[in-house]
Amino acid sequence: MTTDPVELDVHRGMAAQKATVDRRHTAEVEADRAMLRRHQDEMEEALCAGPAATWEEAGKKALYLITLFAGTAEGHDPRHRQLIASALEDIRRLSGDPRAEGGPPGGSGT
C-alpha cells in the first residue's frame, strides 16, 4: 500500500475534468453570493435599526440606496447614471469627503 495520493484527474477524460472544474466554480460562486447576501442583510438591518441621528447617518443610508439603484437596469439608463453620479458627488461634497470635486485642496479641512 502506498501513501502517495492518487491523482484521479489523469484517469478521466477532458470533458469530465472540465465538468468537475465547472461544478467547483459554480459552488464557489454560490458560496460567494450567499456570503454577499448575508453581508447585505446585516447592512440593511443596521441601517434600519432606527432613525438617523445625524446628517452623516442619513447620507450613509441615501448612499446605500443610490448604490443599490445604480446596480439595477433602470440605474444603467444614461439619464439615471448622470443623476446618480451627481447625487453621489453631492453627498461626498457635503460630507466633507476630500475626494469630492471642489473639496478642500490637499484633502485637509484647514
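What follows draws every value from the coordinates through simple rules; no lab data is involved. Worth saying up front: this structure is predicted, and the values here are computed from it rather than measured. Neighbour counts are summed over all protein chains in view; Cβ atoms, including those assigned to glycine, are modelled from backbone coordinates with ideal geometry.
Listing for the model above:
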{"item": "At R0 = 22 Å, FRET efficiency that the Cβ-Cβ distance of VAL6 and VAL29 yields, to 0.05", "result": "0.20"}
{"item": "Cα shape, segment 10-49, gyration tensor, a/c 1.5 rule", "result": "prolate"}
{"item": "Label point distance in nm, LEU68-ALA52, each placed 7 Å from Cα along Cα→Cβ", "result": "1.4"}
{"item": "Around TRP55: net Lys/Arg minus Asp/Glu count, Cβ-Cβ under 14 Å", "result": "0"}
{"item": "Least to most buried among ASP32, ASP4, ASP97 (fewest other Cβ within 10 Å first)", "result": "ASP4, ASP32, ASP97"}
{"item": "Segment 53-98 shape via C-alpha gyration tensor axes, a/c threshold 1.5", "result": "oblate"}
